[in-house]
Amino acid sequence: MSKIIISPSILSADFTKLGCEVEAVKKAGAQWVHIDVMDGHFVPNISIGVPVVKSLRKVTDLVLDTHLMIENPEKYIEPFAKAGADILTFHFEACRDAKHVYEIINLIKSFDVRVGLSIKPKTLPESIFEFLDYLDLVLVMTVEPGFGGQIFMHDCAMKIPSIKEKAKNNLIIQVDGGINNLTAKICTSLGANSLVAGSYIYGSDDYKKAIESLF
């Protein structure tokens, strides 16, 4: 894929006017919207859930790029799929073993939803190589998941080339954490083709200018 997919994280949006915030980034050039789901267990924070995905599905045709930072993700695949998620990304670290990973992949596919697998900063990319052919997306975290506005970890971005080398050509390699106009270029030069940016976009006075600066 030559086109870079920008997925603004609504974690940094104004929740009092969330529908308008999603429409604003669409008009500014975003193709997806990133929905961070946190349970207060897998990560030390609590965010949004199924009702928000269901509500957004009614007001936008953007791809709902849903990132499950939760324990026992298999319990929530069906509710999020039925709420309208287009992509469900779960964490490798939330799984007991390889069999568990495959079970969740197959469960997500059974709802005709695209499958993503994410790795935290301390997880080696080799840990997920065996799953790459079954995925639509790999999400490389360049911060510790759980909070917005963290500093980009350069060493985590170095996982991108090894994943790209092992993956099929149509795999989306997404990066989330500390993305701005400078770190975006680092990631795309290494082979990433999707970028999640929250505070950089939603904290900007000009969403369009912020998004365009990521290309």
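The values are calculated or read from the model by the stated rules, or taken from the named source; none is laboratory data. Quick caveat, the model's predicted, so the values are computed rather than measured. A quick note on method: Cβ atoms are made from the backbone with ideal geometry, for glycine too, and the neighbour counts reach across all protein chains shown.
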Considering residues of segment 45-62 that are touching a residue at least 40 places away in the same chain (Cβ under 8 Å) and in contact with a Phe, Trp or Tyr (Cβ under 8 Å, 6 or more places away or on another chain) only, the residue farthest from Ser12 (Cα to Cα)
Leu62
Segment 188-204, residues that are modelled with pLDDT of 95 or more and part of a helix (DSSP H, G or I)
Thr188, Ser189, Leu190, Tyr200, Ile201, Tyr202
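Name every residue in segment 28-44 that is under 16 Å from Gly198 (Cα atoms) and either out of contact with any helix residue (DSSP H, G or I) (no Cβ under 7 Å at 6 or more places or on another chain) or outside any loop (DSSP other than H, G, I, E, B) (or both), in order of residue number. Talk me through it step by step, then tell me what you get.
Keep residues of segment 28-44 that are under 16 Å from Gly198 (Cα atoms), which gives 28-38.
Listed by number, the residues that qualify are Gln31, Trp32, Val33, His34, Ile35, Asp36, Val37, Met38.
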Determine which single condition Pro8 fails, assuming it passes every other condition in (1) surrounded by fewer than 22 Cβ atoms within 10 Å (Cβ to Cβ); (2) modelled with pLDDT of 95 or more; (3) under 22 Å from Met141 (Cβ atoms).
(1)
Specify which of the listed residues (Pro125, Pro145) is more than 12 Å from the chain's Cα centre (by Cα) and surrounded by 15 or more Cβ atoms within 10 Å (Cβ to Cβ).
Pro125
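Conditions tested, residue by residue: (1) surrounded by fewer than 19 Cβ atoms within 10 Å (Cβ to Cβ); (2) under 17 Å from the mean Cα position of the chain (by Cα).
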site: Gly40; (1), (2): yes, no
site: Val50; (1), (2): yes, yes
site: Ser110; (1), (2): yes, no
site: Phe129; (1), (2): yes, no
site: Leu135; (1), (2): no, yes
